[in-house]
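**Q** Sharing a structure here in structure tokens format.
The values are calculated or read from the model by the stated rules, or taken from the named source; none is laboratory data. Nothing here was measured: the structure is a model prediction, and the numbers come from that model. Ideal geometry is used to build each Cβ from the backbone, glycine not excepted, and the neighbour counts take in all protein chains shown. To get the accessible areas, we keep the full protein, side chains included, count just its heavy atoms, and leave off ligands, DNA and RNA. Shrake-Rupley method; radii C 1.70, N 1.55, O 1.52, S 1.80 Å.
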Amino acid sequence: MAYQRVEVLTGTERRRNYTPAEKVRMVEEAFRPGVVVTEVARRLGVHESLLYRWRGLMKATGTAVAEPSSFVAVTITPEPTVTEPPVAEPPGPLPPPLPQAMSPAILEVILPNGTRLRLEGPVDPALTVAVIGALA
């Protein structure tokens, strides 16, 4: 295989150096919600893997990178209604009602990192806070 064309590069090094402030600005721009990283990288003239590398280094060193909002989407689903035939007399004494905080419920939380937590039945608020804090 013979080469048809040879190109000799002379002059200064082609590697570009970015200041830390420029890197932070580029990473924040590329990882905003709803933004496609590949498109931003192409527009900025850098490879997308470089943006991912810079973001990882910034997280590891604690450099200020705009984190996504602490608000998460919540969906409240009503309990399904079950129609039962009416009962004339209760079969025996009714158990005491559960306190409001301990009433049966289904709590499903999807954390930003993708972890899914589902608690069913009586949910203790203190336990729920502790579990979510441990998973976050």
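**Q** Take region 14-35 and flag every residue that is open to solvent by 40 Å² or more (accessible area, probe 1.4 Å) and more than 16 Å from the chain's Cα centre (by Cα).
**A** Selection gives ARG14, ARG15, ARG16, ASN17, TYR18, THR19, PRO20, ALA21, GLU22, LYS23, ARG25.
**Q** Also, I was wondering about something else. Are any residues in region 36-58 part of a loop (DSSP other than H, G, I, E, B) and modelled with pLDDT under 90, and if so, which ones?
**A** The one that is part of a loop (DSSP other than H, G, I, E, B) and modelled with pLDDT under 90: GLY45.
**Q** VAL6: of a type in the set (A, V, I, L, M, F, W, C), more than 22 Å from LEU111 (Cβ to Cβ) and at pLDDT below 90, yes or no?
**A** For VAL6, the condition - of a type in the set (A, V, I, L, M, F, W, C), more than 22 Å from LEU111 (Cβ to Cβ) and at pLDDT below 90 - is met.
**Q** What pairs come out if I take residues in region 109-136 that are farther than 25 Å from PRO33 by Cβ and pair them with residues that are of a type in the set (S, T, N, Q) whose C-beta lies under 9 Å away, six or more apart or interchain?
**A** From region 109-136, the pairs are LEU119/THR128; PRO122/SER103; VAL123/SER103.
**Q** Right, another one. Any residue in region 16-31 that is under 16 Å from SER49 (Cβ atoms) sitting within a Cβ distance under 7 Å of a residue that is surrounded by 13 or more Cβ atoms within 10 Å (Cβ to Cβ) and among the small types (Gly, Ala, Ser)? List the pairs, counting only those 6 or more apart or interchain.
**A** Cβ pairs passing all conditions: ALA30/ALA41.
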